[in-house]
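*Asks:* Attaching a single structure in structure tokens format; questions to follow.
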């Protein structure tokens, strides 16, 4: 990520000019460091380093590598860059920092007072401008989304929280292909960390923009290097009442029991479901039904009476089991309750062949 950072170290100058003595290994240093979690990939710097006394060493280095130096292997008078500054590029650094240092180094290992004071400058580090390119090895971290489980309608609150070493450039939220939220952050690419280190956005998810169904809800944060971090959860939307069940039927099981079968239309998840509910055993079921021969007109529902047990029966008392007739099943209160438990509304009638 480019850094137009002439203001970073503009006009820094350090020179040694003293009438006193400087102890061995004493000196000063200045460091250009990437923000925590980042590394310097390249540093273009306009600088002038040098010395005119072998008692001083001057260098530019990372924690692992000396980039350039005037040290014991160089002539006494050593200059890196001309007066007023000369541009140099430190490439492929992969390091957290670059340090510019000048130190007193005695000519003999046992000489503690080797750097004798002089009235003129003995060594110097001058930085006139620098541009750093920062390496961001990781995408933003996005916290888990806080949408509650289950089905939703209306407006739902959502919090998006993200952080990154180089800063968070943008945050967005989508449900399937629908964009729910998108916000760009204010970034200043003249800084080592151009964008805010962390963001916290409170979002309202309007389910009116979505069809009933199940969606993958994604929150995405991008950093200053355009790397993306994502948090994902499931959003279920159901804004409409269920449709009436379909294809109601009664089936006989091999063991003589009866099963009530119907289809619930697709609700939210896009899938219709075929459901089954067991009825009383055949004998008990037939005792709760009334039988009408094929040739006999079906009595009106209002003509039906209940016996002492509360079971609806045909007028005339005895059940007619005439051969060749049709069975008209009137589901009684017990079965009505089973239907209501499966979201069926009202009592339904159906003729089945005997």
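*Asks:* D for region 205-265, whole µm²/s, Stokes-Einstein with Kirkwood Rh over alpha-carbon pairs at 10 °C and 1.306 mPa s: what number?
*Replies:* D, rounded to a whole number, is 98 µm²/s.
*Asks:* Using the Kirkwood radius over C-alpha pairs as Rh, can you work out the diffusion coefficient of region 52-185 via Stokes-Einstein at 4 °C, viscosity 1.567 mPa s, in µm² per second? Could you put the intermediate results ahead of the total?
*Replies:* Values: Rh = 20.5 Å.
Using the Kirkwood radius from Cα pairs, D works out to 63 µm²/s.
*Asks:* Let me ask you something else. Rounded to whole Å and sorted largest first, what semi-axes of the equivalent ellipsoid does the C-alpha gyration tensor of region 141-237 yield via the square root of 5 times each eigenvalue?
*Replies:* Those come to 28, 11, 10 Å.
*Asks:* Turning to a different aspect of this structure: Quick check: residue separation of residue 184 and residue 274 times 0.36 nm, minus the Cα distance between them. What number comes out in nm? Intermediate results must be reported in sequence, preceding the final value.
*Replies:* On the way: separation 90, 0.36 × 90 = 32.40 nm, distance 4.77 nm.
This chain segment gains 27.6 nm when fully extended.
Rule-based calculations on the coordinates, nothing more; no lab input. Every value quoted in this text rests on a predicted model; they were computed, and no experiment measured them.
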